[in-house]
1. Which value, in debye to the nearest 20, describes the size of the charge dipole of region 96-149 about its Cα centre when Lys and Arg Cβ atoms bear +1, Asp and Glu Cβ atoms bear -1, and nothing else is charged?
2. For a 28 Å ceiling on Cα separation, which of these pairs sit above it: 198/220; 48/197; 180/204; 69/180; 69/191?
3. If N is the number of residues in the chain, what value comes out of its Cα radius of gyration divided by 2.2 N^0.38 Å?
4. Mind giving me the FRET efficiency for residue 169 and residue 136? R0 is 25 Å, r the Cβ-Cβ distance, nearest 0.05 is fine.
5. Per the Cauchy relation, a quarter of the hull surface: what is the mean projected area of the convex hull of the alpha carbons in region 56-128, in nm²?
6. Once Lys and Arg get +1 and Asp and Glu get -1 on their Cβ, which of 112, 89, 129 lies farthest toward the positive end of the dipole of region 86-129?
7. Looking at region 86-162, I'd like the Rg to Rh ratio, where Rg is from alpha-carbon atoms and Rh is Kirkwood's inverse mean 1/r.
8. If you scale each eigenvalue of the Cα gyration tensor by 5 and take the root, what three semi-axes come out for region 173-219, rounded to whole angstrom and sorted largest first?
Amino acid sequence: MNSLVCIAYVPDTETRIKIGSDGKSIDEADVKWIVSPYDEYALEEALKTKEAKGAGTVTVAAVGPERAKTGLRECLARGADEAIWVDATGVGYLDALGTAKALAAAARGGSYDIIWFGQKGVGYDESLVGPMFAELTGVPHVGSIIQLELGDGKVTAHREIEGAHEIVECSLPAVLTAQKGLNEPRYASLKGIMAAKKKPIAEKKLAELAVPEADPAQAKTRWRKLELPSARQAVKLVLADDPAAAGKELVRLLREESKVI
């Protein structure tokens, strides 16, 4: 069972984001980068699938500048066998379609039974790259799965949808996107970290993959402007030993300061 896991290397969810001077990109100074959390579920399931079958390979792939290799090394340390880095240094923002085309081109010629993605890449939260990859490569797609059962040339995927639980049977090869709850991602061991240094990372240049969207003028999606959320008002805590007095003070604040009653 050979798997390809496509990852995004994104700002840490706890990083304090600052907007760049152009007003439509983030200031990357002092930003900590991590493998997108949903992609960790995808990687873990690929590793579990390989272990269950007792054979096969797990390949990880990423599109991005030099720092994306750090994310790939982290995945190799967790147990992936090899990696593909699409070097997009200097390209800036690559939209979802451009990313899907780059990954599809990089994966061309590989023999993969399952192509994994996270349900979404934390940060842009578009949930588009996996389905677009499936459409570009002509393979079936099942999204946001929380349970997977392997069969002979097929998989059975479970999905939580609004008000129901959906079970989908799908032939292989297939594109699957992982949702939170699918598994519990493992940590890299010291042995895995040391072994990752010797595992291969194949490098491909985005400029050589014929992706029109790499040119900002041809991107289907463009960022017009970024804004931070409005600052929250300070919280006023009402403390009193007497519940009745606290209630009266709360009503006064709501009437005189907040003016909501």
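1. Once rounded to the nearest 20, the dipole reads 200 debye.
2. Check vs 28 Å cut-off fails for 198/220; 180/204.
3. Here the Cα radius of gyration is 1.24 times the empirical estimate.
4. Once the sixth-power term is evaluated, E becomes 0.60.
5. In nm², the orientation-averaged hull projection of region 56-128 is 5.2.
6. 112
7. Rg/Rh: 0.99.
8. Ellipsoid half-lengths, sorted descending, are 32, 21, 11 Å.
Every number in this text was worked out from the coordinates using simple rules, so none of it is lab data. Being a predicted model, the structure only gives us computed values, none of them experimental. So basically every Cβ, Gly included, is an ideal-geometry build from the backbone, and we count neighbours across all protein chains shown.
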